[in-house]
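Below is one structure, written out as C-alpha cells; the observations come after it.
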Amino acid sequence: MQELLAGLNEQQHAAVTHGEGPMLVLAGAGSGKTRVLTLRVAWLVRELGLRPWELLALTFTNKAAREMKERVGRFLEGSGADPWVSTFHSTCLRILRREIQHLDGFTSDFVIYDDRDAKELVKRLLKDTKAPSSVNPRAISAAIDRAKNDALSPDDLAQQHRADLDPRVPDLYRAYQARLQQANAVDFGDLIGLCIRLFDEQPAVLERYRARFAHLLVDEYQDTNHAQYRLLLQLAMHGPRNVCVVGDEDQSIYSFRGADIRNILDFERDFPGAAVVRLERNYRSTEAILRAATAVVERNEERK
C-alpha cells in the first residue's frame, strides 16, 4: 500500500488516509480525484481491515463506474471480493430487485419503462382524460421527471401550487404512477424514489443496508439531485457517518437534470465536524488555461 501512496501530494494523501467520519473532498479539474477515490477504497480495505463488500461507491455514468471498478480491482487484486461500485440508479435497481416485495403492488420481476415507454404512457393518459391537444406530452413527461428528481410525490407536487406548472400535472402524475403499478413497472426516475420510499417504510430493511455499507463514497457530488441526496442521507445518518464525497462546485453544470449545488455547499451543515480536504493542484492543464478558467469561476456566486 505504501508504494501506491508514494506518488501522492500532501492533500491527496490526507484524502486517501482519512479514517472514520464524514469527509468532503473539494477536487478541481485534473487534480487526480478518481485516483484518490479508488486509492481510498484500497486503503480502507488494506489498512482499516474492511471487507470489500462493506463499501459502496457511487458515481453517475456506467462508463465512470466501470473505470472506477477496474482501478479498484487492480488495487485489491487477490482480496477475494469486489466493493459495490456502480451508478445511483444501478445500485437502487439492485436493491429493489431484492426488496421491492416490501412495497404494496410490486413484485421482484418488475419491468423498467425507458423514456419512449414513459412518453407513450403519458400520451395514452392525455387521450383517456380528453386533455386539449394543446397539452404537450413532452412537457408533462418532463414535469413528472423533475418531480421525481426532487423526490416529490403527486401529493407533494399538488401542495406546491406552482404558477409555472400546468395544473393538470399532479393528477396526471398520480394516474401515471397508478398505471405503472398496475403493470408492475417502474420508470428510470422511480428507481431512486422507490428506494427512498422502501427505506422510509421499512426501517428494518434500511438498517440492514446501513449495517452492510460501513463506508459510502460518492463521486461528482456537485451533480447529485435531491432524490440522490435523500438516499445518501438515509444510508449515512447513523453511527460515525462514514461518508466521503468528492466534487467541485465550480463544475456543476447539470441543474437542468435536477442537480442541486446546495448539496455540496451544505455538506458541512449536514455533517457537522466533517473533514474538508482541497485538491487544488491541477495535473492536466497549462498555466494559460488555468488562469482563464480561474478568471471565469471566481465570478460564481455560489461556491466554497
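The values are calculated or read from the model by the stated rules, or taken from the named source; none is laboratory data. Note that the structure is predicted; figures quoted are calculated from it, not measured. Here the Cβ positions follow ideal geometry from the backbone for every residue, glycine too, while neighbour counts run over all protein chains shown. Ligands, DNA and RNA are stripped out before the accessible areas are found, and what is left, the full protein with its side chains, is counted by its heavy atoms. Shrake-Rupley method; radii C 1.70, N 1.55, O 1.52, S 1.80 Å.
Points to keep in mind about this one:
- Ordering PRO272, PRO52, ILE261 by Cα displacement along the dipole of the chain toward the positive end leaves PRO52 in first place; charges were set at the Cβ atoms of Lys, Arg (+1) and Asp, Glu (-1).
- In nm, spacing of pseudo-spin labels at ARG116 and LEU48 (7 Å Cα→C-beta vector): 4.4 nm
- Net charge in the neighbourhood of ILE95 (other residues with Cβ under 15 Å of its Cβ; Lys, Arg +1, Asp, Glu -1) is +3.
- Set of lysines near LYS69 by C-alpha distance (under 24 Å), chain-local residues within fewer than 8 positions excluded: LYS33
- Among beta bridges that DSSP assigns inside the chain, antiparallel share in %, nearest 5: 5 percent
- Whichever lysines have a C-alpha closer than 22 Å to that of LYS130, once near sequence neighbours (fewer than 8 apart) are set aside: LYS119
- Radius of gyration and maximum dimension Dmax of segment 168-209, Cα, Å: 12.5, 39
- Rounded to 10°, Cα long-axis angle of helix 226-236 versus longest principal axis of the chain: 50 degrees
- With Cα atoms as the point set, segment 98-187 shows a radius of gyration and Dmax of 13.4, 42 Å.
- Peptides 14-23, 32-41 ranked from most to least packed, by the mean per-residue count of other Cβ atoms within 10 Å: 32-41, 14-23.
- Using the 1.4 Å probe convention, the accessible area of segment 114-225 works out to 51 Å² per residue with neighbouring protein chains retained.
- Volume per residue that the Cα convex hull of segment 46-158 spans, once the total is divided by residue count, Å³: 162 Å³
- Entry note, the chain: the mean residue ellipticity at 222 nm calculated from DSSP H runs of n ≥ 4, each adding -39500 (n - 2.57), is -14500 deg cm²/dmol after division by the residues and rounding to the nearest 500.
- Phi to ³J(HN,Hα) by Karplus 6.51 cos²θ - 1.76 cosθ + 1.60 over segment 167-173, Hz, x for Gly, Pro: x, 6, 4, x, 5, 5, 4
- Once divided by 2.2 N^0.38 Å, the Cα radius of gyration of segment 58-109 becomes 1.43.
- Cross-link table LYS63/LYS123; LYS127/LYS148; LYS63/LYS127; LYS63/LYS148, entries beyond 30 Å C-alpha to C-alpha: LYS63/LYS123; LYS63/LYS127
- Measuring nothing but protein heavy atoms, the accessible surface of the chain at 1.4 Å probe radius is 48 percent carbon and sulfur.
- Here percent of Cα pairs over 37 Å apart was computed from the coordinates, and among [x] 47; [y] 22; [z] 28 the match is [y].
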